[in-house]
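Just so it is clear, none of the values below were taken in a lab; they were calculated from the coordinates. The structure displayed is predicted, hence computed values, not measured ones. Here Cβ is always computed from backbone atoms with ideal geometry, including for glycine, and neighbour counts include all displayed protein chains.
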Amino acid sequence: MIVRRGPAIVLSLVLSAAALSVAPALAKDGGAAKDVDRDQCDPSSVSRAKLKVEQVDGNNSRLQVTGTVWSDDSDVWAWRLKHEGEVSDDGRARGSENSDLSFRVVRTMFNLPGTDDVVFRAENLRTGEVCRATVSY
């Protein structure tokens with residue numbers, strides 16, 4: 001029986017070269033690009049908001065969305081996450097002394113074809129202060 005090794009060797013070399021050419025692009029950002037928006041809530045406020053959007057463990061069909069608000073009090077905040085203009089999730093949260101009076105909301109969303117517009121909005125229920133951060137991913 002004659003075994004042709006030439007085509008198998010060529011195929012393995014081509015596949016190895018293709019895998020190595022993709023590796024540097026993934027290594028630059030750990031395999032998932034991150035988009036972040038940081039905003040001061042009101043011009044005279046010490047409160048700040050941050051929204052971060054990234055792929056879930058290299059799975060480009062899901063996004064991990066993290067919204068954070070830093071405040072100087074322990075008031076209750078009503079928050080809402082929107083994806084492509086539709087409410088994805090909402091709730092209420094309060095910062096605690098253990099977290100420097102901040103709260104964080106982490107949710108997973110589907111990565112739709114094209115650019116995904118994600119909005120994080122939080123409103124202080126006592127003062128009416130509004131924080132808003134937007135990312136197009």
To the nearest 0.05, the calculated FRET efficiency linking residue 78 and residue 57 through their beta-carbon distance, R0 being 22 Å, is 0.15
Taking H placed 1.01 Å from N in the peptide plane, check which residues at least 5 places from residue 41 or on another chain put their amide H under 5 Å from its amide H. 47, 48, 49
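What does the charge count near residue 128 come to, summing +1 for each Lys or Arg and -1 for each Asp or Glu among other residues with Cβ under 12 Å from its Cβ? The partial results should precede the final answer.
On the way: positive: 126; negative: 42, 75, 123, 129.
Charge balance in the 12 Å sphere: -3.
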Give me the number: length gained by fully extending residue 132 to residue 90, i.e. 0.36 nm times residue separation minus the C-alpha to C-alpha distance, one decimal in nm. 13.8 nm
Shape verdict for the stretch 34-136, please, from the Cα gyration tensor: rounded (a/c under 1.5), prolate (a/b greater than b/c) or oblate. prolate
